[in-house]
1. Relative to the longest principal axis of the chain, what angle (0 to 90°, nearest 10) does the C-alpha long axis of helix 53-66 take?
2. Restricting to DSSP H runs of at least four residues, report the calculated mean residue ellipticity at 222 nm for the chain, -39500 (n - 2.57) per run over all residues, nearest 500 deg cm²/dmol.
3. Which option, (i) 138; (ii) 126; (iii) 116, is the value of volume of the Cα convex hull per residue in Å³ that was calculated from these coordinates?
4. Taking the simple approach of a point 7 Å from Cα along Cα-to-Cβ for both Met54 and Asp222, what is their distance in nm?
5. Looking only at Ser31, Ser207, Ser46, which one moves most when the chain is put into a Gaussian network model with springs between Cα atoms under 10 Å?
6. Can you compute the radius of gyration and Dmax for the stretch 1-158, using only the Cα atoms, both in Å?
7. Tell me, in nm to one decimal, what length is gained between His208 and Asp69 on full extension, where the rule is 0.36 nm per residue of separation less the Cα-Cα distance?
8. Calculate the spin-label point distance for Ser144 paired with Lys252, positioning each point 7 Å from the Cα along the beta-carbon direction, and give it in nanometres.
Amino acid sequence: MIRVTTSSRIHLALIDLNASLGRVDGGIGISLEEPNICIRAELSDSTVITGDRMLAKRMKAAVEAVHPDATPRIHIEEFYPSHVGLGSGTQAAIATGIAVNKLYDLKHNVVEIGRMVGRGGTSGIGIAAFENGGFILDGGHNFSDKKAFSPSSVSRADPPPVLAQYEFPDWDIVLAIPNVKGASSKREVDLFNKICPVPLGEVQTLSHIILMKMLPAVIEKDFKAFVDAIGRIQHIGFKKHEIIQQVDEVKKLMNIMSEVGGKGVGLSSFGPTVYAVTKTPNEVKKAAEEFLNQTIGGEVIITHACNHGALLR
């Protein structure tokens, strides 16, 4: 029997959806201690997956992709919602692939598993988070290979290279997860088609912020500079349009968390999860809970970065 525990992640931004230099995508993100996906897998006479119906469907596809003749019994012990911007699809698929890999002694690495289960076609943050955790910057894809602006759900490009991966400081991170679903499948595709290519000037500004403010802030543990960078990137590039797509309550939630917690508030991926890197986590959590309880409902937790990869036992 094998147990795989893997973290969630916040996806801070896609970097280049202009492709004028011949590359596209690129991403930045942070692996989180909580929430987690934990699965227990063992050999069996037939494939049985229990614990959550939506994740089970994805995990069955991952089993078939990694080893078509495999018949594991898998139980999902811990999970968090799909399509909320925390990367459950990637983590569940790779956790399943790694479990099958170990049970059948296939000797694939994490990136190979990611390729087999069809993840990493736009962002490489989830795969890198599974492997090593921390703060991650990936280098996107060669546009001549990918040939389109598209989300991971429909892209079959290989996982992108990891350009930088650093231990993230032990700063408090508040996650507010509203009871609504973020964009997925057709909505994601439609948004890419509508928005891309993003103006080159916005891509250049975002790249400048990441290279000359965000990355040095992570390495030097400069909280003030990091949260300033987070605040800036909400208003440019593809992230600006991801926020525009949110329901009014999510936009209001971002404003409330910013008023209480400062500049380091952002939308993770396509949302609706809002995160705050803050010095006042309890106050931000309380304000977010009060607002969600009065409106669309949801869950709020305080977590930290996860500076290691998935745990296999």
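Laboratory data are not the source of any read-out in this text; all were calculated from the coordinates shown. Quantities reported herein were computed from a predicted structural model and do not represent experimental measurements. Ideal geometry is used to build each Cβ from the backbone, glycine not excepted, and the neighbour counts take in all protein chains shown.
1. Between the helix axis and the principal axis of the chain, the angle is about 60 degrees.
2. Rounded to the nearest 500, it is -11500 deg cm²/dmol.
3. Label of the calculated value: (iii).
4. About 3.9 nm, to one decimal.
5. Ser46
6. According to the Cα coordinates of the stretch 1-158, Rg and Dmax are 15.5, 52 Å.
7. 45.2 nm
8. It works out to 5.1 nm between the two label points.
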